[in-house]
Amino acid sequence: MSQHLLLLILLSILLCNNPISASPTIQKFKEAPQFYNSADCPIIDPGDDDDVSAKQILCSRRAVHVAMTLDAAYIRGSVAAVLSVLQHSSCPENIVFHFVASASADASSLRSTVSASFPYLTFSVYVFNVSSVSSLISTSIRSALDCPLNYARSYLADLLPPCVRRVVYLDSDLILVDDISKLSATDLGRDSVLAAPEYCNANFTSYFTSAFWSNPTLSLTFADRKACYFNTGVMVIDLARWREGEYTSRIEEWMAMQKRMRIYELGSLPPFLLVFAGLIKPVNHRWNQHGLGGDNFRGLCRDLHPGPVSLLHWSGKGKPWARLDAGRPCPLDALWSPYDLLQTPFALDS
């Protein structure tokens, strides 16, 4: 490994463990209550052999597969997100979680933390070797966006077992207040690779630099599609189609282009837009009420968008647990706090 690449990896690890947003120390959490399937849930696990049964549900097409990243800095949010998914599901025992952790993380401790809070949960932890992507990452306007683990969503098709054909990807700074099976069942049509809420009122051109738009070849990328912004924190992905189309390589090609000439500013999002914008299956906005992290520059609180809500997403700089701990919460942070399982040092046993 070259000294330059090693330096990039070490720098990325430091950025990911930035103490501004959260402490990298793995915290202690309370055990969540167990949630049970309703009577009409499909039976996934009829076997008696524990090893066979675990494999059956991990590969079952009847299960709802959820992928999330897992690290010490955001595990408090991850635990809250998992609890919200289970609490609002009609078939919680049929949900399989696929957690991705960086090779530099203490995967064993992360796994133990999840098991302690959800001893009945079906999940696997996959190690993401950040060296595969660190050399492709360019600096962005926010250092937190440069964390290699942010790019793990581009490698889910490689990390998860080939038997997993569809997955719902979720960021760690959100909660669901609706049944995730509804989102997972999104019809992708005959050829769409992913589905997500689109926001066509956003200024799409602002996600790319003038160098991109002034280059005749590059600007033609969106010539034959109605390209709209979508947030990559909530996506339904057909992993089988992703693998067939070799979409990871397509994303990496744009990242390599970014290294040669700066064509965007915002971390892992623009490569997704370059490959998929205008080609995704739109999902109702209720499934990603995003931006609740507030204004990235002034830290101002934000309100919900008009309309019904199935998922609240604290994308942006401000995270609800950090603002609550600091005693400066935004009003909507109160909607996140009921899912917080953090075991405080002064908590009394009931």
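The values are calculated or read from the model by the stated rules, or taken from the named source; none is laboratory data. The structure displayed is predicted, hence computed values, not measured ones. Note that we place each Cβ from the backbone using ideal geometry, even for glycine, and neighbour counts take in every protein chain shown. Remember, those area values only see protein heavy atoms, side chains included, never the ligands or the DNA or RNA. Shrake-Rupley method; radii C 1.70, N 1.55, O 1.52, S 1.80 Å.
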Quiz item: With all protein chains present, how much of the accessible area of segment 215-350 (probe radius 1.4 Å) comes from carbon and sulfur, to the nearest whole percent?
Solution: 53 percent
Quiz prompt | Inter-part distance where segment 303-321 and segment 239-293 are each reduced to a Cα centre, Å | solution = 21 Å
Quiz item: Relative to the compact globular guide of 2.2 N^0.38 Å, what is the alpha carbon radius of gyration of segment 224-337, as a ratio?
Solution: 1.26
Self-check item: Residues whose placed amide H lies under 5 Å from that of ARG166, excluding near-sequence neighbours
Solution: LEU239
Quiz item: Which cross-chain or sequence-distant (5 or more) residues have an amide H under 5 Å from the amide H of PHE29, H modelled 1.01 Å from N in plane?
Solution: GLN343
Practice problem: Provide the per-residue ³J(HN,Hα) series for segment 304-316, in order, calculated from phi with Karplus coefficients 6.51, -1.76, 1.60 and θ = phi - 60°, each as a whole number of Hz, with x at glycine and proline positions. | Solution: 5, 6, x, x, x, 10, 10, 8, 10, 10, 8, 5, x
Self-check item: 5 angstrom amide H check on TYR264, placed H, neighbours 5+ away
Solution: THR209
Quiz item: For segment 176-255, what is the charge dipole size about the Cα centre, in debye to the nearest 20, if Lys and Arg each add +1 at the Cβ and Asp and Glu each add -1 at the Cβ?
Solution: 160 debye
Quiz item: Across segment 329-337, in residue order, what do the Karplus-derived ³J(HN,Hα) couplings come to in whole Hz, using 6.51 cos²θ - 1.76 cosθ + 1.60 with θ = phi - 60° and x for Gly and Pro?
Solution: x, 7, x, 6, 5, 5, 7, 7, 4
Self-check item: segment 199-205 - phi-based ³J(HN,Hα) in whole Hz, Karplus 6.51/-1.76/1.60, Gly and Pro as x
Solution: 10, 7, 7, 6, 6, 4, 5
